[in-house]
Amino acid sequence: MLDVKDFFIKENIIENVHIDAYANISSIIEDIDAFARTTYRSVYIIDYHKQSFLYVSDNPMFLCGMTADEVKELGYNFYINHVPPEDLSLLLEVNSAGFGFYDKIPDIEKRNFTISYDFHIINKDSKKKQLVNHQITPLRLTDSGKVWLGLCVVSLSSGSNSGNIVVSKDKSKEHWIFNMQSKKWREMPRPELRDIERDVLKLSAMGYTMNDIANEINRSFDTVKSYRKTLYEKLNVQNIAEAISYAKNHRLI
């Protein structure tokens with residue numbers, strides 16, 4: 001049976017954090033809590049030293065019907081209790097691959113990288129399974145360069161299946177995709193959108209119909225339809241809702 005300790009490997013086990021490092025924890029939490037109140041996304045902080053959750057926001061998406069305090073108390077047991085077995089195996093794979101990736105990055109650059117992946121969570125009361133996107137960015141490092149605190153942001157996934165493991169770098173056009181079969185990372189350019197395609201996405205996100213968009217950008221209905229088709233191909237999604245979610249999660253709009 002899976003145990004919390006299974007989530008911790010040599011790359012993310014931290015033996016010591018000086019007591020002074022925890023002195024400013026309350027101000028960090030206050031700042032993150034202020035951010036969480038401005039977004040629909042769920043936000044939490046992982047403490048890799050204590051192997052627990054340091055903070056969990058009240059945003060309900062990630063809570064599976066529980067309170068934020070209950071999820072915080074569960075810590076990594078939240079995954080064990082609320083993620084289906086096949087996706088728990090995925091989370092262990094992500095954990096190993098992600099920290100293996102970070103281990104090769106110069107310490108000074110680690111906070112510029114974010115890992116993103118999709119997995120299901122289950123509300124035990126309603127039995128409903130929901131696919132979410134999970135993004136982790138290093139928030140604080142130890143003196144030796146290990147990730148001590150990780151900032152986690154959870155939103156609805158734009159995908160249709162678990163996986164989609166991607167690392168992106170701030171202000172870079174490159175990203176790295178993890179292949180579950182070969183167990184290797186592959187560097188690829190991020191999708192490049194034309195201004196007109198971004199306009200179509202932005203207007204779609206504002207609730208405009210295709211007829212509305214055609215009038216707004218002075219194009220025909222068929223042209224807007226063509227733009228959407230191209231967007232689906234570039235972003236590897238099936239519909240406009242997935243395209244909008246993908247673009248938001250990957251900061252393309």
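The values are calculated or read from the model by the stated rules, or taken from the named source; none is laboratory data. Being a predicted model, the structure only gives us computed values, none of them experimental. We place every Cβ from the backbone using ideal geometry, glycine too, and count neighbours over all the protein chains shown.
Of the residues Y246, Y208, which is more than 30 Å from S96 (Cβ to Cβ), aromatic (F, W, Y) and touching a helix residue (DSSP H, G or I) at 6+ places or on another chain (Cβ under 8 Å)? Only one candidate qualifies: Y208. Does V200 fit the bill of being touching a residue at least 60 places away in the same chain (Cβ under 8 Å) and touching a Phe, Trp or Tyr at 6+ places or on another chain (Cβ under 6 Å)? Judged against the criteria, V200 is not a match. Listed by position, the helices (runs of 4 or more DSSP H) enclosed by region 38-145 that each have at least 2 residues that are over 27 Å from W176 (Cα atoms) and either in the same structural domain as I28 (by TED's automatic domain parsing) or among the hydroxyl-bearing types (S, T, Y) (or both) are 68-74, 77-82. Residue count for region 218-246 under the criterion of being small (G, A, S) and farther than 14 Å from I196 by Cα: the result is 3. K128 meets each of the listed conditions (1) more than 22 Å from I13 (Cβ to Cβ); (2) charged (D, E, K, R); (3) touching a residue at least 60 places away in the same chain (Cβ under 8 Å) apart from (3). Only one of the listed residues (R219, R198) is out of contact with any His (no Cβ under 9 Å at 6 or more places or on another chain), under 27 Å from D170 (Cα atoms) and not hydroxyl-bearing (S, T, Y). That residue is R198. Could you check region 162-191 and list, in sequence order, the residues that are touching a residue at least 24 places away in the same chain (Cβ under 8 Å), within 16 Å of K234 (Cβ to Cβ) and in a loop (DSSP other than H, G, I, E, B)? Passing the criteria: R190, P191. If you go through region 12-31 and pick out every residue that is in contact with a Phe, Trp or Tyr (Cβ under 6 Å, 6 or more places away or on another chain) and farther than 17 Å from K146 by Cα, you end up with 1. Within region 60-71, being surrounded by fewer than 18 Cβ atoms within 10 Å (Cβ to Cβ) and in contact (Cβ under 8 Å) with a residue 24 or more places away in the chain holds for M61, G65.
Of all residues in region 174-190, those satisfying the criterion of being out of contact with any Phe, Trp or Tyr (no Cβ under 9 Å at 6 or more places or on another chain) and either closer than 28 Å to K225 by Cβ or of a type in the set (A, V, I, L, M) (or both) are M180, P189, R190.
A count restricted to region 228-241 and to residues that are buried (at least 19 other Cβ atoms within 10 Å of the Cβ) and at pLDDT below 90 stands at 2.
If the requirement is being in contact with a strand residue (DSSP E or B) (Cβ under 7 Å, 6 or more places away or on another chain), modelled with pLDDT of 95 or more and under 19 Å from L139 (Cα atoms), which of these qualifies: I115, I105? Working first, answer last.
Numbers: I105 fails: modelled with pLDDT of 95 or more.
None of the others qualify; the one that does is I115.
Checking each residue in region 211-227 for being surrounded by fewer than 18 Cβ atoms within 10 Å (Cβ to Cβ) and assigned to a helix (DSSP H, G or I) picks out N211, D212, N215, E216, I217, F221, D222, T223, K225, S226.
Going by the conditions given, is S126 hydroxyl-bearing (S, T, Y) and in contact with a helix residue (DSSP H, G or I) (Cβ under 9 Å, 6 or more places away or on another chain)? No, not satisfied.
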